[in-house]
Structures are given as C-alpha cells and as structure tokens.
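We did not get these values from a lab; they are worked out from the coordinates using the rules stated. As the structure is a prediction and not an experimental result, all values here were calculated from the model. Please note: Cβ atoms are built from the backbone with ideal geometry, for glycine as well, and neighbour counts cover all protein chains shown.
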Ligand SMILES: NC(=O)c1ccc[n+]([C@@H]2O[C@H](COP(=O)([O-])OP(=O)(O)OC[C@H]3O[C@@H](n4cnc5c(N)ncnc54)[C@H](OP(=O)(O)O)[C@@H]3O)[C@@H](O)[C@H]2O)c1
C-alpha cells in the first residue's frame, strides 16, 4: 500500500508502549482495521488515525484520559464525524454513526449511508473485525426499537451482547423515545446517555425539528454585500459571493429536501436550482408564485427526471396554465392567500411537512426573505457577506416593522466561517413562544 502521512509528524515514541522506535510499516502492520487508536505510553497522547485511500489522517488527539467520560467523548466525536458522511443522502432519516470499541481499540465502525439502507449500528457490526460480546458501542442517536424501512436495530444489537452502549441523544420521537434504552437495560447491557448531547442534537437539528413539530426545518440563505444588498438596482446578483461560497451554497442545497425561491428571482435569474458544484442529491425545487407568472420556458421546468419542481400558487393561478404545467410533469399546489394576497408560507410549510419534506432551504429574493423573517418562520439563517459595496440596490431584508433595537432578530448561537474573502455567518433564530408553525 502507498501511504502518505499528511499534516502531522508521527511521533513514534508517543505511539508505541515503551517508546520503541517503529517504522510506518510496523504501525500499518498493527492496523487490523481501517481505524485504530494507538496506545500511548507514560501519559503521552492518544491519537486516532484514519486511513483512507492510502492516506493517514490524524482525526483528533487528546490528553491521556482520566476516566470513562473523556474516552466516551472521544469515541462519540468519531461517531459524529462518521454520521456526517451521510449528510445529503439519508434524509428524512437522521445522520447516525456507530463505533465499536474494545480495550481502547476501535474494532468496527459504520454509518447510515443512504435512506432505506442499513442503519449505522448494523453496518458497524458487519464491519467489526472481532466479536462484539463485551465491547462498548458508541452511537450518536438511540438505536431504533421499531419497524421502519428496516427491522429494529435494537434486537440485532442485543443479540451480539455488548457490555455497554453509549448514546448521544435519546430518540426525539415521543412515541419511541427511551424504548431502545429500556430494551438494552432489560437485557443487562449498561447504557450511558447524553454524551456530547448538544453536538449530537445539533447534527440532527433538521430531523429533530421535523419529528417534533411535523413542519420542516427551515433555513434562509442569501449572499449580500457589506452594505446589505443582494442585487444591484437593476436586479443583477451574479455573483456577489466567491466561488468557494458558491460551493458551500450547493452543499447546503443538497443537505435540504427542498429549495424555495420567489417568482421574481425565477424571472430575473432563471436559475436551475440543482446541485452541480459538489456531489449530492438535488432537492425538490419550489417556486412561490401566487398568480402563476412563471414563464413556461424556465429552467426549473426542464429535466424533471433529475429534479422535481413544485409551484406553490393560490386560487388566482390560471387553471389553463396549471394544466400545461401538469403536461410538463410539474405539480402545482394551491395554498390559501395570506393577508397580502400572496402564498401563505406558513400553510405551505405545513403542507410540505405532510409530504415528509423535512427541511427547506429558502434562497430568496428580498421579498421572500422579508416574509420569512417577519413571520418568524426560519430556524436557521445563513448570510454570506462579500467584501463589496453596491450602494443603491435591492436590500437583503425589507421592512420588518421593528422600531426598537431590543426587538431586533438575534441569533441564539452562531458560527462564522471564512471562504476566500467572504464571511459566512451561520446562526440559529430562537423559536419564540408565539411561533405557531406546527402542523
Ligand atoms: N444575492 C442573493 O443571495 C440573491 C438570492 C435570490 C435572489 N436575489 C435577487 O433578488 C431579486 C429578486 O428579489 P425580489 O424581492 O424582487 O423577489 P423574490 O423574493 O424573488 O420574489 C417575490 C415574489 O414572490 C411571490 N410571493 C408569493 N408568495 C409570497 C410571500 N408569501 N412572500 C413574498 N413573496 C411571495 C410574489 O409574487 P406574486 O405576488 O406574483 O406571487 C413576490 O412578488 C433578484 O434581483 C435576484 O437576483 C439575490
């Protein structure tokens, strides 16, 4: 095997007990699996490596553990990073990773790869290099105890007799929460719950929101200049952000079940709304268009076999045009009008939830973003800020009727990422008690 060590230096003395010098070849000979925790000596570092396509990656390192708690977090982090690989393919299922550990050595791991496929723990068991009896299994979400697309994982797990199961978060579905943990306890398997619970919950925030409310998790995303414009006065917006930010936007697109824009953006930009800059699935394309102004030549109406399109309209939408759209394989959905005689977004999201659409990415333009924020419909807001100034132009957010700084919308927590010279602010909007968006 050709092996390249990347981004770090192997410190052999830290890796092998007794501080023996060993060659990379020797280390590799010890790897019975794709992943291994190499033993430390005298309070050195524990280091987890992953080998993929002949390249060794250093996953994480941490100080010598003082007890189970730190080890538990270490392996749970590994389960989370495995789980993340299923992003964009497993929805509306959650992202789940599982790691099987014996005496501080990973003997098996797996993740949920695609909707309808095996769950993470089943894949980890199948890939384990040793029997599971007596080992510890780390999993970021409680194992399922009910029949879905696959049989319940809990029975398989119990039949392998692990000594302990460490779980990040309980199943958010109130109908099944705790059943998996109960079954493990009944069979004498020790369980620990709540390890890195907040990280585990955040990873699957879309799934948690959808399961608990029946309404999709909603992200609003836009690219703006430093002075808050999303387009010039003539409506030109391509491209405010950098190439790397565009890639990030495509990743975001592929991690949602649907992408939504207003009909003005469609008419102005004629976007495809597909995922092209990365490998990922295409979301359902939704256009809000109260009176069916959409041109029949629009890009989103083509290639229905690659990505579906749904036009959300009102009773004002011309029935003849609806028929023509249907002939093209495009569905129209009639939604009640809101107070401004446009598509009632709240009702639209409830209807989408009933169709098992668990997440929606709203990509603008200004009118739609303003409605979303004004009605407090978004869970997450992603703002790409490019170092440009446009002056007069289309504002990202219109009038929200806020006259007091104290009443301004604020993020409950946020992350700031740099992509080329852009800053991406990725925040969550706290749900207010009066938010009535439930099915
Ligand atoms: N930089 C960026 O990230 C970005 C992203 C997207 C767009 N843009 C730019 O934004 C500009 C278009 O923005 P825009 O504000 O003119 O239009 P828009 O938000 O794209 O579309 C607004 C239209 O959507 C329809 N709509 C239906 N229900 C609605 C509801 N509940 N709330 C709001 N709108 C609803 C309305 O038309 P009907 O009444 O006919 O239904 C409304 O006029 C373009 O220049 C585009 O290039 C920039």
Legend entry - Peptides ranked, highest mean first, by Cβ atoms within 10 Å: ranges 399-408, 183-192, 268-277, 255-264: 255-264, 268-277, 183-192, 399-408
Legend entry - Inter-site label distance for residue 146 and residue 173 at 7 Å from Cα along Cβ, in nm: 0.4 nm
Inset, instruction - Multiply the residue gap between residue 355 and residue 114 by 0.36 nm, knock off their C-alpha separation, and tell me the result in nm, one decimal place. - result: 84.8 nm
Legend entry - Estimated translational D of segment 246-383 in µm²/s (Stokes, Kirkwood radius over Cα pairs; 37 °C; 0.692 mPa s): 217 µm²/s
Inset, instruction - Calculate the all-directions average of the projected area of segment 352-395's alpha-carbon convex hull, and give it in nm². - result: 4.1 nm²
Inset, instruction - Report the equivalent ellipsoid semi-axes for segment 86-144 in whole Å, largest first, defined as the square roots of five times the eigenvalues of the gyration tensor built from alpha carbon atoms. - result: 22, 10, 9
Legend entry - Pair residue 318, residue 399: separation of 7 Å Cα→Cβ label points (nm): 3.1 nm
Legend entry - Approximate spin-label separation residue 420-residue 341, in nm, with each point projected 7 Å along Cα-to-Cβ: 4.2 nm
Inset, instruction - Find, to one decimal place in angstroms, the Kirkwood hydrodynamic radius of segment 127-179, where the mean of 1/r is taken over every pair of different Cα atoms and then inverted. - result: 11.9 Å
Legend entry - Rounded to whole Å, sorted largest first: equivalent-ellipsoid semi-axes of segment 246-300, Cα gyration tensor: 22, 11, 9
Legend entry - Burial ranking of peptide ranges 208-221, 225-238 (average Cβ count within 10 Å, highest at the top): 208-221, 225-238
Inset, instruction - Let me have the relative contact order for segment 121-262, percent, based on Cα pairs under 8 Å that are six or more residues apart. - result: 17 percent
Legend entry - Two-site FRET efficiency, residue 328 against residue 127, from Cβ-Cβ distance with R₀ of 35 Å, rounded to 0.05: 0.20
Inset, instruction - Multiply the residue gap between residue 199 and residue 234 by 0.36 nm, knock off their C-alpha separation, and tell me the result in nm, one decimal place. - result: 8.3 nm
Inset, instruction - Using a 10 Å cut-off on Cβ atoms, rank the peptides 413-426, 110-123 from the highest mean neighbour count down. - result: 110-123, 413-426
